[in-house]
Amino acid sequence: MGIGGLVIGAIIYGLMGGNPLDYIASNTESSRMTGSSTASNNSADEDKKNFASVVLADTEDVWTDQFSKRSAQYPAPQMVLFRGRTKSGCGSASSQVGPFYCPLDHRVYLDLGFFDELSSKLGARGDAAAAYVIAHEVGHHVQTVLGLNRQVQEQYGRSNKGSVLQELQADCFAGVWASHMQKLGNVFEAGDIQEAMGAASAVGDDRLQSLGGGEVQPETFTHGSSAQRVGAFRQGFEGGELRSCLQASDW
Ligand SMILES: [Zn+2]
């Protein structure tokens, strides 16, 4: 099993309620715990960056496959990991704004402090929550490249309902990703992700940005109820296909 499989396994194991480090320890000769207490901040950030790249690469595999079924090419997004402040195509952003996707530059922005908060709140399960957040942000990218967000905006304008539908669809797309992770040989129940989702949104909801220039603004809309979000995730998880998330009637 390669490092990718190991991390994926650990994520799924984490989603099941297990400690991902237990999973890694039982699948490697050397324990990854070694040296973690003496690791410098830089190498801790390096670990987070590696983890995020692995999750992003997994989403790329899933969506490349899904797009090829529609005879389309998947233009993978880029990811920007930062501490403090960063500039984006949607304006400059501080870490207070939370993770967000900017449709204007097709990039996912993640503040490394957000990962710190997830792991301090959730311990080892913070990794599962972080992976879910990345898959959700990539879901916004899928919406953008398919023009789905434009359709919603045309139908609902900038209303709360339109925003919630886009958030739920991104959760559904995260479910499609999880479904493919599961096919790698891991089993978990969609309902088990509820805690990871709840914790992720308690730490800071993501911000889907649509306006260029100025400062990235925290949105005022809600992301839907917890039950709606889990329902949307489950729809993607059980359907396992892009098209599973094109019908919002069940949410
Ligand atoms: Zn979102």
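The values are calculated or read from the model by the stated rules, or taken from the named source; none is laboratory data. Since we're looking at a predicted model, the values are computed, not measured. For neighbour counting, all protein chains shown are included, and Cβ atoms are generated from backbone atoms with ideal geometry for every residue, glycine included.
Key figures
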| quantity | calculated |
| --- | --- |
| Some residue of the stretch 85-94 being in contact with a helix residue (DSSP H, G or I) (Cβ under 7 Å, 6 or more places away or on another chain) and either free of Cβ contacts under 8 Å to residues at least 12 places away in the same chain or part of a helix (DSSP H, G or I) (or both) | no |
| All positions within the stretch 93-110 that are under 21 Å from V55 (Cα atoms) and within 13 Å of the ligand (Cβ to nearest atom) | G98, P99, F100, Y101, C102, P103, V108, Y109, L110 |
| The lone exception for V138 - which of (1) at pLDDT 90 or above; (2) more than 11 Å from the chain's Cα centre (by Cα) it fails | (2) |
| Residue check, S88 more than 16 Å from the ligand (Cβ to nearest atom) and of a type in the set (S, T, Y) | no |
| Count - residues of the stretch 135-174 that are more than 19 Å from R234 (Cβ to Cβ), more than 10 Å from the ligand (Cβ to nearest atom) and touching a Pro at 6+ places or on another chain (Cβ under 8 Å) | 4 |
| Residues that are β-branched (V, I, T) and surrounded by fewer than 17 Cβ atoms within 10 Å (Cβ to Cβ), drawn from the stretch 73-111 | V80 |
| Out of A174, A178, sole residue that is at pLDDT below 90 and out of contact with any Cys (no Cβ under 7 Å at 6 or more places or on another chain) | A178 |
